Structure formats: structure tokens, C-alpha cells
Number of protein chains: 2
Amino acid sequence: MTSSKVYLEIVKQLREMITIDGLKPGDKIPSERELSERLNFGRSSVREAYRALELLGLIETRRGEGTFIRDFRGNQLVQLLGTFILQDEKAKRDVFETKNYIEMDCLRLVLQRMDDHHLAILHDWINKEEHFTDDEFFYRIIEMSDNHLFLRIWLILKEYYYSLNPIQDTYKFEDYILLLNGLAEKDEAKTLSAYYNLRNLSSF
Amino acid sequence: MTSSKVYLEIVKQLREMITIDGLKPGDKIPSERELSERLNFGRSSVREAYRALELLGLIETRRGEGTFIRDFRGNQLVQLLGTFILQDEKAKRDVFETKNYIEMDCLRLVLQRMDDHHLAILHDWINKEEHFTDDEFFYRIIEMSDNHLFLRIWLILKEYYYSLNPIQDTYKFEDYILLLNGLAEKDEAKTLSAYYNLRNLSSF
DNA sequence: GAGACAAGTGTGGTCTGACCACCAATTTAA
DNA sequence: TTAAATTGGTGGTCAGACCACACTTGTCTC
């Protein structure tokens, strides 16, 4: 049962430590030196374990202060996996399609979660900003959907999208207004229809 | 844009190296000593980068042989994430929600793309297999949606999902049938309603 | 006494060099 | 020809050194 590699053994023991002590995000975990002495392993092995967990986004290190459990949001991981996995999946259609579908998902979520206050803020912004970009607009939408995972995935897709389609698309201002009206009325059909219009997609 | 930490810089450069050389799973990447000399970093830093990628399951090391790119499998993550994430209720909700929404997106895509032949195959399978799992079912659905990106994302989400919810959910056989009926009739409302039923979600 | 400065301590960040264990190919010996 | 020993490359681990940084403490000055 003992992990053959020391750094894996350290990860394992650290997990037990966290479970037993009931440590939560923000809490401090042992320093590299302390843990290496306590478990009788070299400091470099402890570092390998910590670095791995850090890349996973599970812990956070602050030089001069220490190492802490992190508020996990699936961030680093999705990013990394993205680059490693999506490398040969650059089919233009898939990226395009997936981005659109996720944007629509977020619109649906916004319809459920949004309150008048949020909508008002969005309205103010769109009226004040003369030349906002499509990205800025949907960033706000997806933020309002309050799903961090969607946000992360969307950010990656956006990058791919631009690498495939360097020309900055321009959309009609009126279409954004229509979309906001759909949201304001909490009308899913109307909102999605406005989205289709905005993106020049053929509707069903 | 230089990463402040050397090991992150090494991860970055390694990724570029992989992209440029077009390396695939199974291919060998530079040995720790070679890379440390080539990039002018210490071997321990290279090790930190390699160990992190290994824990992620992206590379594989064989003592005495070398280090190789791996065909991604999220197995390691499953146990890991559980310990670190469990407290974070919002992250949990995000994973759950995102997985569901993507499954629904794929259902919509299937509605557009599916032909009778595909549907027949799915029908045959579901009638032959007595005890299929939910994963197996939706894997087929998502495959049929013919969007590789969604498939990749879904596979990752599935891993997250099980790390958060180790209990294998069981669903009703009839609900799958209803879902297939919805697909057969190319009726989006009916299909999604069946999905909501299957997953015990409150409909709108 | 209050504030500013200095030293000290603890932390992560990095590098170097040294072993060990393992594997594979080559060379050597039977 | 075959089996054994050697050799070189690889990952696995450790110890120690030094740096950069953050915080605490103590001291000095006003």
C-alpha cells in the first residue's frame, strides 16, 4: 500500500493530516522543512509534493509566509488539461459550436439567477460604454451565471476561438439590447432567439 | 510574461516543445538532466515540474528508461480532489450543474445530427445491455453529438463529479426509454423533460 | 512614550553534488 | 552461440548551501 515514490507518500500523508485536523481553505499547512523533518523525508521530496498540489490548484504558497490550502475553483486544472488535451482538437466547428452552446447555457442560468439589481448594472454599463466588445459583454453574462467552471471553460474556448478566427467579429448593438430585453422579461425563448440573431445562427 | 517560478516556466516551455515537435502520447520527452542543461535550470526544478505533471497524469516516468507523454486518464485526480474540495459547496454545485448542462447541450446536438441508423444502434444497445451505467449511456449520447470538445470536457467533469460524489447514482430504466423516445420524435421539449426526470431536477 | 530603524527568524525558491536503484545495450567470458 | 558482467543513461532521494522575502522583535532616536 505504500506508494513507491516518496512524493506520493507525502501527498497521501498530507491528505490524512488535512482530514484529521479538519483543515479548510485558507488554513496553513506545515512548512517544507517542518514536514520533511516530521515525516523523515528530504525537503526536496516534500517540495515535489507541494509543487504538484500547487499546480493542481489545491494549495497556495506565499514566499516568506508559508503554504496554505486553497479555495478550490477548478481553475489551474481545467486550464492545463485544456492545453494538453485540446491540442489536436482544433476543429473549428467544435470550438465555435461549444463556445456558443456554453454561452447559451449561461444565459439560461442567468435567467434563473439574475435579479433586477444585476440587470440594472448591466443595462447601465451597456448604455455608458460606447464601444464594448462582444467578449466584454459575454464575460459579464457568464459572470452573472455564477458558475466558475463555465467561466474557466469559456475563457479557454475564447482563446482557441481567436486563434482560429483572428478577425474580431462585430455584432449589432440592437441585438444586445434585444437580448437584454429577453432577460428582463425572463423569457427564455426570446432570449435565445436574440442570441441566435446576434450570432447570425439559423434558428431551429 | 515570464513565470515567476522556475518550475512553471519549465512546464510552459515543455508545452511549447510538445506543440512544436508534435509529440503524442507514448513519445519520450527529455530526461531531467538533459532538460535542466538545455534550459539552464537546476535539475530539482525540472523534477518539480515533472512531478507535478505526473500527478496530473499527463506524463509517465519509468525509472531507468525515461519520461513519456501519457494518454490522459484522470484516475489520480479522483481521490485527490475529494479531500481538498469537499468543503467547497459552491465548487460542488458548479461541477454538478456544468455536467448537466453539457449533457443537455449534447442532447440538443444529437437532435440535430442523429439519423435513424444511430438511433437504432442505441436502441439495440439499451435493450441488450441489462445493467448499463449512466456513464455508458451518456458517453454514447455525447459521442453521437459529434463534438469532440464536449466529449473531452465531459470526461473531465465526470472525474470531478465522482470525486465529489463517490456514490454511484442509479436511475430508472424507463426514464432512459422516455429520453430515447424524445430523441426519436426529434422533440426537444420532450427530450429535455425526460432528462430532467431522469436526473430528478425540478423543471422550470 | 511614540515612532523609526535594524537585526533576527522563519519561510519558500533554487542550485549543486552526491548516492542509490533500475534498465538496456554492449562487451566480455564461458 | 550463449550466458554473464560491464557500462552508461535514467529516475529517486537526500543534504546542504545560498538567496529573496515577510514578519517579529528589539533598539535607538526624538
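Numbers below:
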read-out	value
Selection within segment B:169-201 - farther than 13 Å from B:L107 by Cβ and within 22 Å of the chain's Cα centre (by Cα)	B:D169, B:T170, B:Y171
Single match in A:I141, A:I167, A:I156, A:I126 (criterion: among the aliphatic types (A, V, I, L, M) and farther than 21 Å from A:V95 by Cβ)	A:I126
Total residues in segment A:162-196, condition modelled with pLDDT of 80 or more and of a type outside the set (D, E, K, R)	18
Pair list, Cβ under 7 Å, 6 or more apart: segment B:107-132 residue within 14 Å of chain A (Cβ to nearest Cβ), other residue among the polar types (S, T, N, Q) and outside any helix (DSSP H, G or I)	B:L109/B:S145; B:L109/B:N147; B:V110/B:S145; B:R113/B:S145
Residue in segment A:1-16 that is farthest from B:I10 (Cα to Cα), counting only those that are buried (at least 20 other Cβ atoms within 10 Å of the Cβ) and within 14 Å of DNA strand C (Cβ to nearest atom)	A:L14
Among the candidates B:E103, B:E136, residue that is crowded, with 19+ Cβ neighbours inside 10 Å, more than 10 Å from chain A (Cβ to nearest Cβ), acidic (D, E) and not in a loop (DSSP other than H, G, I, E, B)	B:E103
Any hit, segment A:12-23, residues being at pLDDT 90 or above and touching a strand residue (DSSP E or B) at 6+ places or on another chain (Cβ under 6 Å)	no
Looking only at segment A:30-63, and only at residues there that are closer than 24 Å to B:Y160 by Cα and of a type in the set (A, V, I, L, M, F, W, C), the one that is farthest from DNA strand D (Cβ to nearest atom)	A:L58
Residues being within 12 Å of DNA strand C (Cβ to nearest atom), more than 9 Å from chain B (Cβ to nearest Cβ) and in contact (Cβ under 8 Å) with a residue 40 or more places away in the chain - total across segment A:17-60	2
Number of the exception - B:E65 against (1) within 16 Å of DNA strand C (Cβ to nearest atom); (2) modelled with pLDDT under 90; (3) among the charged types (D, E, K, R)	(2)
Total residues in segment A:8-37, condition under 28 Å from the mean Cα position of the chain (by Cα) and not charged (D, E, K, R)	10
In segment A:34-59, the residues that are in a helix (DSSP H, G or I) and over 18 Å from B:R47 (Cα atoms)	A:E34, A:L35, A:E37, A:R38, A:L39
Sole exception among (1) within 15 Å of DNA strand D (Cβ to nearest atom); (2) over 25 Å from B:L58 (Cα atoms); (3) in contact with a Phe, Trp or Tyr (Cβ under 8 Å, 6 or more places away or on another chain) for A:I18, by number	(1)
Test: residue in segment A:129-137 that is at pLDDT 85 or above and over 17 Å from A:L198 (Cβ atoms)	no
Residues (touching a His at 6+ places or on another chain (Cβ under 8 Å) and among the β-branched types (V, I, T)) located in segment A:111-144	none
Scope segment A:141-160; condition over 11 Å from A:I102 (Cβ atoms) and either within 12 Å of chain B (Cβ to nearest Cβ) or in contact with a Gly (Cβ under 8 Å, 6 or more places away or on another chain) (or both); matching residues	A:D146, A:H148, A:Y160
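The values are calculated or read from the model by the stated rules, or taken from the named source; none is laboratory data. Predicted model, so just to flag it, every value in this text is computed and none were measured. For neighbour counting, all protein chains shown are included, and Cβ atoms are generated from backbone atoms with ideal geometry for every residue, glycine included.
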